[in-house]
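Written below as structure tokens is the structure these notes are about.
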């Protein structure tokens, strides 16, 4: 099977596409982010799980993993980090240096939902 299309700043990254194909072809559950934590791929298995086996959950492909659009999308999930509290717990294990760099670049991430506002 050909590698699944992934989005990375409007272009495809062959290395990430290869990983996405491996996840898809082996039926694994997962997502892929690029070096700037933008979500570039989500397996159908993960989407189906977060959709409670009834639908494929929506994800903010191309957006920062903890960005505003990603947080909005997660509010619609039936499972997963679909509340501000669960998102904060998930984020608490993330790279603090990355969070600072994201703010400096003005990516608009780590919005009020994660800040506890």
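Remarks
- Residue check, residue 88 in contact with a helix residue (DSSP H, G or I) (Cβ under 7 Å, 6 or more places away or on another chain) and modelled with pLDDT under 75: yes
- Residue list for the stretch 20-37, filter: touching a strand residue (DSSP E or B) at 6+ places or on another chain (Cβ under 7 Å) and surrounded by 17 or more Cβ atoms within 10 Å (Cβ to Cβ): 20, 32, 34, 37
- Summed over the stretch 27-71, residues that are in a loop (DSSP other than H, G, I, E, B) and either over 21 Å from residue 12 (Cα atoms) or without any contact (Cβ under 8 Å) to a residue 24 or more places away in the chain (or both) total 16.
The values are calculated or read from the model by the stated rules, or taken from the named source; none is laboratory data. Being a predicted model, the structure only gives us computed values, none of them experimental. Virtual Cβ from ideal backbone geometry, glycine too; neighbours counted across all protein chains shown.
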